[in-house]
2 protein chains.
Amino acid sequence: MEADPVRSPIRVALEVCPVEVGIAVLGGTWKLTVVKHLLEGGTMRSGDLSRTVPQASQRTLTRQLRELEQDGVVHRRVYPEVPPRVEYSLTELGAGLADVVAAMNAWGRVYEAHLDGQNTA
Amino acid sequence: MEADPVRSPIRVALEVCPVEVGIAVLGGTWKLTVVKHLLEGGTMRSGDLSRTVPQASQRTLTRQLRELEQDGVVHRRVYPEVPPRVEYSLTELGAGLADVVAAMNAWGRVYEAHLDGQNTA
DNA sequence: CAGAATCCTCATAGATACTG
DNA sequence: CAGTATCTATGAGGATTCTG
């Protein structure tokens, strides 16, 4: 099986530090949000994702999904139908991001609380 | 006390999803690596950090540190000496990133193993 | 419905040289 | 030693239009 080529930001990250690999894979805007929703919602269609992340332009969302697919995090299934249907789901590797998502989510909330504390104090 | 203004990527992330906040704060190249080393090494001087992340240009490293400082993750202490001495350490908020670093690090290793598996299989 | 093609703008980051 | 200033290049991401 022909594996997808590893994107160059990831190759760089691999040489620097394992923590940078996650940043390289998830660094694009919305990527982690997409992963989070796929973790929660299982399989989702393109339109579902667009509605879930309305701030992302369609072009950007598509690109992010393609990169996540290339990086082995997301699986893309195309149904040969009219009108077309495409479903996205997490690979095993992608499902392994659950801990990352949880840690990020928790810290994000701490950060929010921190900001609120600054304003209220 | 006058709080640093919240950088715009973070403001956007706050409106989208808590997981994006972490990405917004740590998204710059080397940032998570810096945090990881500060977690391990405690206080570090600029030169220490430069040597720890030799791939980063000095200008970039300085900017990243300033942003981390602005975001409340890193504390910067300047000693009024000649030659100058500047020490960086994590704030409480920054120390809270330990779980994120651990999760990222673990997943980065899984990712490496995944790539190796592809080549070996 | 899903996405490709085109155009545009701004932020990021590197290299280099200089300063207190 | 730590940092700033300047210049440059790359690319990420948005808006819009078009197609099977």
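A short reminder: the numbers here are calculations on the coordinates, not readings from a lab. Everything numeric in this text was worked out from a predicted model, so none of it was measured. Don't worry about glycine lacking a Cβ; one is built from the backbone with ideal geometry, like all the others, and counts go over all protein chains shown.
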Kirkwood hydrodynamic radius over Cα pairs of the stretch B:42-121, then Stokes diffusion coefficient at 37 °C and 0.692 mPa s, in µm²/s: 222
Between the alpha-carbon centers of the stretch B:30-55 and the stretch A:45-110, tell me the distance in whole angstrom. 32
Difference of contour (0.36 nm per residue) and Cα-Cα distance, A:Arg76 to A:Arg51: 7.2 nm
Compute the long axis of helix B:98-120 from its Cα atoms, compare it with the longest principal axis of the Cα atoms of chain B, and write down the angle in degrees, 0 to 90, nearest 10. 40
Under a crude label model (7 Å from the Cα following the beta-carbon direction), how far is B:Arg59 from A:Asp116 in nanometres? 4.1
What Kirkwood hydrodynamic radius do you get for the stretch A:5-87 when you take the inverse of the mean 1/r over all pairs of distinct Cα atoms, in Å? 13.6
Helix-only [θ]222 nm of chain A, DSSP H runs n ≥ 4, -39500 (n - 2.57) each, per residue, nearest 500: -19000 deg cm²/dmol
Inter-chain Cβ neighbour average for residues A:23-30, partner chain, 10 Å: 6
Mean other chain Cβ within 10 Å across B:11-17 is 5
If you wrap a convex hull around the Cα atoms of the protein assembly as shown, how much volume per residue is inside, in Å³? 133
Taking a label point 7 Å out from Cα toward Cβ, give me the nm distances from A:Gly42 to the same spot in the other copies, shortest first, one decimal. 5.1
Scan chain B for the residue whose Cβ is closest to the axis carrying it onto chain A, then write down that distance in whole angstrom. B:Ala103, 2
Helix axis angle, A:58-70 relative to chain A longest principal axis, alpha carbon, degrees: 80
Using a label position 7 Å from Cα in the Cα→Cβ direction, what is the ascending list of nm distances from B:Thr91 to the same site in the other copies? 3.8
Calculate the mean, over all residues of peptide A:86-94, of how many other protein chain Cβ atoms lie within 10 angstrom of the residue's Cβ. 1
Note the distances from A:Glu15 to each other copy's matching label point, with points 7 Å along the Cα-to-beta-carbon direction, in nm, sorted shortest first. 3.9
